[in-house]
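Presented below is the structure to which this report refers.
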Amino acid sequence: MILTAHSLRAKTPSNGANAPSGIAASHRHRTLQVLFIHRDADVVDACVQELEKSQFAVSADVVLTLAQCASRLHSETYDAIVAEYPSPNWKSSQSLQLLRQTVEDTPLIFVTASLKAKYIEALAAHGVFDCVESTHVVQLPMVVRRVLNERELRAELQQAEKALRNSQSLYRALVENPSYGICSCDAEEKFIDVNQALSAMLGYESKEELLAANLTSEFVLDLDRQLPFRARDGQESHPIEPVEIEWKRKNGTTLKVRISGRAIFNENGLFSGFEIIAVDITEQRALEDHLRRLALSDSLTGLANHRRLFEVLHAEICRTKRTNREFSLILLDLDGLKRINDQRGHLAGNKALCRLSQILTDCCRFIDTAARQGGDEFALVLPETGAAAAALVAQRVCDLLAADSQEPTLSVSVGVASYPRDADAIGTLLYAADRALYSMKSKKLRLVRTDHSPGLPSEEPNMESQEVRSEHQLE
């Protein structure tokens, strides 16, 4: 069916039977704005239906050309753009580049007839967020959730950076305020004078106690070796550029401080000491470290997220090219998560995901990376590990899950692929492991079917079979 430009307005039912777990709930009460650049009405309708099944309230506009797309973007704001590929409108790299420039910062998702490795690499190079096969649009809601999650994360990081800039501006404005640690030292780095703020910062009850400790060498700042100052050039004063260093408190704990000030010379041009202003930035640096970890970790399980997984895979491929040592990727899919959510509630489903993530962490070496790709999909990256050793790790995960006494009983389907034996890029490595995983899942389902007598079908295997056919038709 050839499509003409039109608009769709679909409203999600308030209580869908196929409600997804976790992240989707946070987007349930807002309308998802999607712009389709596609000629096939059946594909567009299938995409909208899958989004509705995942409890998205969808507002969809459909255009056919890049000019119509640009016109829409002038008047509307969209959460994502879903485009047909290949399309007569953008076959060349120049047309893809023009498309990327037109949509600007809006995430671009391609619906393609085939996820060939060469397509994946070429499209990723042109800033395409992700690709979905036209025969497997059931995967589109997961991609859209990743789009929304990354947008929310960027907004949080921008707010944190704004707060940090405000904090830095406040520091510059109040640099002379006595609440900042201030001290003067002689040429031997002994305190001549300190203020109460510095004493409290270092854990001393009074400045007299700090001065006494410094004079008896119980407390040494070691400023001359830590500050970027070496010259003895006879200047009246020599500025010290701000620098971050670590000091020890009275109780032995470490704090991070940013210090600035100047080196002082006497009337004969001889170095006579320092004047220092210190700011305690321990909490600020801890917050920044926390935000960095949040940006690369899954909020539910604490494992690495999808973005961090791709960073690790890229780093391991580069290392393999340098050292000629292979590494392996294990993909894992938690069996029956939808059934657990439906029968026991989403809290039980979240606990099941956390149980699996803990076992993955227990099976990891310090050089390994455990990640949650999203939903019930997990991954293990095993540096300097061949396929045989990776298969043993996968078996250990399965055995630990089987030995877990908590309810409900959990199991996983796994797929193993090694680089460079099974693939030559990130996309093909993931594809190889994915095929192995769903080959295992299909065998499990065939075994379940054969365990039930004809005429007495089990509702539970049928539900699982339906879930796999609808969500993971990769074979």
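We did not get these values from a lab; they are worked out from the coordinates using the rules stated. What you see is a predicted model, and the numbers here were worked out from it, not measured in a lab. Virtual Cβ from ideal backbone geometry, glycine too; neighbours counted across all protein chains shown.
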Ascending count of other beta-carbon atoms within 10 Å, so fewest first, for Phe310, Phe274: Phe310, Phe274
Cβ-derived FRET efficiency at R0 41 Å, Glu121 paired with Gln358, nearest 0.05: 0.75
Chain lengthening between Leu287 and Ile192 when straightened (0.36 nm per residue, less Cα-Cα): 30.8 nm
For Gly302, net neighbour charge (Lys/Arg +1, Asp/Glu -1) across residues whose Cβ lies under 12 Å away: +2
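Starting from 0.36 nm per residue, how many nanometres of slack lie between Glu133 and Arg421 once their C-alpha separation is accounted for? Before the final figure, lay out each step's value.
On the way: separation 288, 0.36 × 288 = 103.68 nm, distance 2.55 nm.
Result: 101.1 nm gained on full extension.
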Distance histogram for the stretch 336-438 (every C-alpha pair counted, 10 angstrom bins, percent rounded to whole numbers): 14, 45, 30, 10, 0
Sequence of Asp40, Asp79 once ranked by neighbouring C-beta atoms within 10 Å, starting from the fewest: Asp40, Asp79
Residue pairs, from the table Lys53/Lys444; Lys338/Lys444; Lys162/Lys248; Lys190/Lys250, whose Cα atoms sit over 19 Å apart: Lys53/Lys444; Lys162/Lys248
Sites Met440 and Glu205, calculated FRET efficiency, Cβ-Cβ separation with R0 51 Å, nearest 0.05: 0.20
Cα-only radius of gyration and Dmax that characterise the stretch 296-471, units Å: 16.7, 59
Projected label distance in nm at Thr323 and Arg30, using a 7 Å step from Cα toward the beta-carbon: 4.2
Relative contact order, percent, the stretch 296-471 [alpha-carbon distance under 8 Å, six or more residues apart]: 26
Nearest-0.05 FRET efficiency for Gln395 and Lys256, computed from C-beta distance (R0 35 Å): 0.20
Spin-label pair Ser169/Ala388, simplified geometry with 7 Å Cα→Cβ offset, distance in nm: 6.3
Ranked Val243, Val393, criterion: other C-beta atoms within 10 Å, fewest first: Val243, Val393
